[in-house]
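K.L.:
One structure coming up, written as structure tokens, with questions to follow.
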Amino acid sequence: MLWQWATVTANYGGNWSALFCTGAVQRQPPLVSTEHIYLFEGSGGYDGQSYHYMAHDPFLSSDLKEFLDDARLRYRRILVPLLAYGLALGRSDWVDGAYRMVCLLSIGLGVFWSCRIAQEAGVTAGWGLLFLAMPAIPITVDRLTVDGSLAALTAGFVLYSRSASWRLFAVLAGAALTRETGLLLVGAFCARLAWERAWRSAGVFLFSAAPAIGWYGYVQMRTVGQPYGASLIPFAAIFHAIGNPWRYPPGTPFVNAVLLADYLALGGVLLAFGLAFAWFARSPRETLRIAGVLFAAMAVVVQRADHWQNVYDFGRVYTPLLVCLGALAAQGRNGWLLAPVAMMLPRVAIQFAPQVLGVVRWMM
């Protein structure tokens, strides 16, 4: 919250809507002018702008969906916008502040659950603060995406997945409504129950996906889909990103260092995938290892080129895998499992550099 206040004041003239990263080149709804939303010139914006619009119309009752890049895909991820709408009591003038509050509360809950995980693993609770280093967290603080909330729910999944409980059921239901990849957490726990031949419990927890599936059906009827543009050739987009690094504009400061950080971050996420497969092979019946390998398998098979060019994309999508590896690191006292996060953080930090400079100039 303090960082957001500083960067909004120093870099965006006190306009908090800048955190939604709304692009000026996109078609803009009337909401933009009535709320005086900060627009980034020459930019198509970022995911947060879509979730912002959704928070004003979570039930698709207006034409706001027409201004989303892919309404069917975005509206599946309804939990954070819906919570913001509910917290604002449906008042449009309260929604923006409520949305930011939901994101911050989610991160706080993730820290709490992570500290509990650390304690139960027999290490100091303070190690749970490493949750704040997971890529989805600073990205959510910077761009107000929903991935910080899924990261928090993943921490809840780690904490409660040792046994079947209503808390775990609620976490799984929330994860599936936050992002489609949350369904992998449902699959991981049900797979473990199937290994144990606990068929009845597996059926009960499979039902935790029912709210999401029902909501997906509602969205399907009210929206038009867009091509996802993904290849099912393993590693195809990853290899393309390695051979075709992002072309930064001429004059970009320290461009070689930025490119090196890009490759380091990509190497970090690939290391995470390798660790997930290796640790699953050692003990394929453990819930966290099943969850990790499901995320890694998805990454290998579902290849969308634009997701592998920047850590702001793949870093937040695969943060649930990094959370699982972090928990395994605490349980096994194996710091090497945190190496992927350490390799991705420099590129995340570079993304914040212009804002940091702006804050420093403002303070001086």
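K.L.:
Which whole-number percent is the relative contact order of the stretch 176-264 (Cα, under 8 Å, 6+ apart)?
P.N.:
Details: 29 pairs, mean separation 16.5, N = 89.
That works out to 19 percent.
K.L.:
Then there's this: Kindly provide the helix-only [θ] at 222 nm of the chain, computed as the sum of -39,500 (n - 2.57) over DSSP H runs of four or more divided by all residues, to the nearest 500 deg cm²/dmol? Intermediate results must be reported in sequence, preceding the final value.
P.N.:
Details: 18 runs with 235 residues, N = 364.
When only DSSP H runs of four or more count, the value is -20500 deg cm²/dmol.
K.L.:
Considering the dipole of the chain built from charges on the beta carbon (Lys and Arg +1, Asp and Glu -1) around the Cα centre, which of 95, 49, 127 is farthest to its positive end?
P.N.:
127
K.L.:
Direction-averaged shadow area of the convex hull around the Cα atoms of the stretch 83-205, nm²?
P.N.:
On the way: hull surface 33.4 nm².
Reported value for the Cα convex hull: 8.4 nm².
K.L.:
Alpha carbon centre of the stretch 340-364 versus the stretch 1-17: separation in Å?
P.N.:
Centre-to-centre distance over Cα atoms comes out at 15 Å.
K.L.:
Report, in order of residue number, the helices in the chain meeting two criteria: a C-alpha extent of 30 Å or more along the helix axis, and a mean Kyte-Doolittle hydropathy of at least 1.0; treat each whole DSSP H run as one helix.
P.N.:
What comes out of the filter, once short or polar helices are dropped, is 255-282, 339-363.
K.L.:
Related question: Would you kindly work out the equivalent ellipsoid of the stretch 2-363 from its C-alpha gyration tensor and give its semi-axes, the square roots of five times the eigenvalues, largest first in whole Å?
P.N.:
Values: eigenvalues 190, 129, 84 Å².
So the three semi-axes of the stretch 2-363 are 31, 25, 21 Å.
K.L.:
On a full-extension model of 0.36 nm per residue, what is the gain between residue 357 and residue 239, subtracting their alpha-carbon distance, rounded to one decimal in nm?
P.N.:
Working: separation 118, 0.36 × 118 = 42.48 nm, distance 3.39 nm.
Going from the current span to full extension adds 39.1 nm.
K.L.:
Once both labels are modelled 7 Å past Cα along the beta-carbon direction, what's the residue 133-residue 41 spacing in nm?
P.N.:
Distance between the two pseudo-spin positions: 3.9 nm.
K.L.:
Further question: Who wins for biggest fluctuation among 265, 151, 194 in a Gaussian network model of the chain, springs between alpha carbons below 10 Å?
P.N.:
Maximum among the listed residues: 194.
K.L.:
I'd like to know which of 277, 359, 265 lies farthest towards the positive end of the charge dipole of the stretch 2-363, counting +1 on Cβ of Lys and Arg and -1 on Cβ of Asp and Glu.
P.N.:
Working it through, the farthest residue towards the positive pole turns out to be 277.
K.L.:
Tell me whether the stretch 131-274 comes out rounded, prolate or oblate; compute the Cα gyration tensor, take square roots of the eigenvalues as a ≥ b ≥ c, and use a/c under 1.5 as the rounded threshold. Mind dumping the intermediate values first?
P.N.:
Working: a/c = 2.08, a/b = 1.80, b/c = 1.16.
Verdict is prolate for the stretch 131-274.
K.L.:
Relative to the present Cα-Cα distance, how much length would full extension add between residue 278 and residue 123 at 0.36 nm per residue of separation?
P.N.:
53.4 nm
K.L.:
Set the Förster distance to 41 Å, then compute FRET efficiency between residue 25 and residue 196 from the Cβ-Cβ distance, nearest 0.05. Spell out each step's value before the answer.
P.N.:
Numbers: r = 53 Å, r/R0 = 1.28.
After rounding, the FRET efficiency stands at 0.20.
K.L.:
Moving on to the next point. Among 172, 156, 195, whose Cα projects farthest towards the positive end of the dipole of the stretch 2-363, with charges put on the beta-carbon of Lys, Arg (+1) and Asp, Glu (-1)?
P.N.:
Of the listed residues, the answer is 195.
K.L.:
When only Cα pairs under 8 Å and 6 or more residues apart are kept, what is the percent relative contact order across the chain?
P.N.:
On the way: 544 pairs, mean separation 62.6, N = 364.
Relative CO of the chain lands at 17 percent.
K.L.:
A further question follows. Where the only charges are on Cβ atoms (+1 Lys, Arg; -1 Asp, Glu), what is the dipole of the stretch 1-127 about its Cα centre, to the nearest 20 debye?
P.N.:
Working: 9 positive and 11 negative charges, 61 e Å.
That gives the stretch 1-127 a dipole magnitude of about 300 debye.
K.L.:
Also, I was wondering about something else. Evaluate the distance, in nm, between pseudo-label points positioned 7 Å from the Cα of residue 222 and of residue 164 along their respective Cα→Cβ axes.
P.N.:
Here the modelled spin labels are 3.4 nm apart.
K.L.:
Using the Cα centre of the chain as the reference point, and only Cβ charges (+1 on K/R, -1 on D/E), how large is the resulting charge dipole? Debye, rounded to the nearest 20.
P.N.:
Numbers: 26 positive and 19 negative charges, 203 e Å.
Its charge dipole is roughly 980 debye.
K.L.:
Cut-off is 10 Å between beta-carbons; in what order do 364, 134, 298 appear when sorted fewest neighbours first?
P.N.:
Working: 364 5, 134 31, 298 15.
Least to most surrounded, the residues fall as 364, 298, 134.
K.L.:
Also: Dividing the Cα convex hull volume of the stretch 275-364 by residue count, how many Å³ per residue is that? Mind showing how you got there, number by number?
P.N.:
Values: hull volume 9.9 nm³, N = 90.
With only Cα atoms used, the stretch 275-364 gives 110 Å³ per residue.
K.L.:
Please compute, for the alpha-carbon atoms of the stretch 159-219, the extent along each of the three principal axes and give them in descending order in Å.
P.N.:
The principal-axis extents, from largest down, are 35, 21, 18 Å.
K.L.:
Run the paramagnetic zone check for residue 342: 7 angstrom along Cα to Cβ, then residues of the stretch 308-329 with backbone nitrogen under 18 Å.
P.N.:
Label zone hits: 322-329.
K.L.:
Of all the C-alpha pairs in the stretch 1-129, what % are more than 18 Å from each other? Write down the numbers at each step before the final one.
P.N.:
Working: 4855 of 8256 pairs.
Every Cα pair in the stretch 1-129 considered, those over 18 Å come to 59 percent.
K.L.:
Pick from 109, 294, 31: which is most flexible by mean-square fluctuation in a GNM of the chain where alpha carbon atoms under 10 Å apart are linked?
P.N.:
The residue with the greatest mean-square fluctuation here is 31.
Every number here is computed from the coordinates shown, using simple stated rules; none is lab data. Please read all numbers here as calculations on a predicted model, not as lab measurements. Backbone-built Cβ (ideal geometry, glycine too); neighbour counts: all protein chains shown.
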